[in-house]
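Before we start, here is the structure in question, set down as structure tokens.
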Amino acid sequence: MKLTCTPIDGVMVAETSRVIDHRGAFARLFCEQALSEVLGGRHIVQINHSRTSQAGAVRGMHYQHAPQAEMKLVRCLKGRVWDVAVDLRKNSATFLRWHAVELSEQNELMMVIPEGCAHGFQVLEAESELLYLHTALYSPELEGGVRHDDPVLNIDWPLEMMDISTRDKTHTLINEDYCGVEL
């Protein structure tokens, strides 16, 4: 796995390659040893899968508060998505900045999103599927979110936004009093 840093500290893109022959293809989706420096002693404790039917659909922007703050590793298994990480760490040099990468089954990239960053995505191709690896268990009482359309973040979504859950539409907007996420 080849790791590339992004402008946001701790947000990385992992690149894998597949071996293709007459039988088909093989790719390693996760290797704890190859990602040991990124994981820093964390372990994957939960793996989730999502399928989103409609192109243009937006999911996010989600995170978990401490003590269940989590690192996420996100990979697209089918289709294409615009995957976005937003830095919500109040003492970070990139506080309230976002970074996006297109993830697809063809490019086999994986986004690494550290604790304190919100995650979301927009489906670029119908019936897209994502695999999420988490370093903390899901805790509904500790979930948090910021609005995907918050003018403070000004995320540049590539398609018209549609098919957004009620929960994601009702996250509060960031204002001048917003002080970020405690880790």
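Quick note: the coordinates plus some simple rules give every number you see, no bench work behind them. Note that the structure is predicted; figures quoted are calculated from it, not measured. As a convention, Cβ positions derive from the backbone with ideal geometry for all residues, glycine included, and neighbour counts pool all protein chains shown.
Using the Karplus equation 6.51 cos²θ - 1.76 cosθ + 1.60 (θ = phi - 60°), what ³J(HN,Hα) coupling, rounded to whole Hz, does each residue of segment 129-140 give in order, writing x for Gly and Pro?
Values per residue, Gly and Pro as x: 10, 10, 10, 10, 10, 10, 9, 9, 6, 5, 10, x Hz.
Right, something else. Check which residues have an amide H placed less than 5 Å from residue 11's amide H, if you skip close sequence neighbours.
HN-HN under 5 Å from residue 11: 6.
Any idea what diffusion coefficient segment 14-80 gets from Stokes-Einstein, in µm²/s, Kirkwood Rh on alpha carbon pairs, 20 °C, 1.002 mPa s? Before the final figure, lay out each step's value.
Numbers: Rh = 15.1 Å.
Taking Rh from Cα pairs, D becomes 142 µm²/s.
At residue 90 and residue 107, where each label point lies 7 Å from the Cα along Cα→Cβ, what is the point-to-point distance in nanometres?
3.4 nm
What is the calculated FRET efficiency for residue 62 to residue 4, with r their C-beta to C-beta distance and R₀ = 25 Å, to the nearest 0.05?
Working: r = 24 Å, r/R0 = 0.94.
With R0 = 25 Å, the Cβ-Cβ based efficiency is 0.60.
Seen from all sides and averaged, what is the projected area of the convex hull of the Cα atoms in the chain, in nm²? Numbers along the way, then the final one.
Working: hull surface 42.7 nm².
The orientation-averaged projected area of the Cα hull of the chain comes to 10.7 nm².
Apply 1/(1 + (r/R0)^6) to the Cβ-Cβ distance of residue 19 and residue 44, taking R0 = 22 Å, and write down the FRET efficiency to the nearest 0.05. Each step should come with its number before you reach the end.
Numbers: r = 23 Å, r/R0 = 1.05.
According to the calculation, E is roughly 0.40.
Sort 111-118, 126-133, 12-19 by packing, meaning the average of other beta carbons within 10 Å per residue, with the highest value first. Mind dumping the intermediate values first?
Values: 111-118: 24.2, 126-133: 17.9, 12-19: 14.9.
Taking the mean over residues of other Cβ atoms within 10 Å, the ranking is 111-118, 126-133, 12-19.
List the relative contact order of segment 2-169 as a percent without decimals, with contacts defined as Cα pairs under 8 Å and 6+ residues apart.
Details: 380 pairs, mean separation 53.8, N = 168.
Relative contact order of segment 2-169: 32 percent.
Right, something else. For segment 64-109, what number results from the quotient of the Cα radius of gyration and 2.2 N^0.38 Å?
The reported ratio for this selection is 1.39.
Sticking with this one: Under the rule of -39500 (n - 2.57) per DSSP H run of 4 or more residues, summed and divided by the residues of the chain, what mean residue ellipticity at 222 nm is obtained, to the nearest 500 deg cm²/dmol? Don't jump to the answer; show the numbers that get you there.
Values: 2 runs with 8 residues, N = 183.
Here the helix-only value at 222 nm equals -500 deg cm²/dmol.
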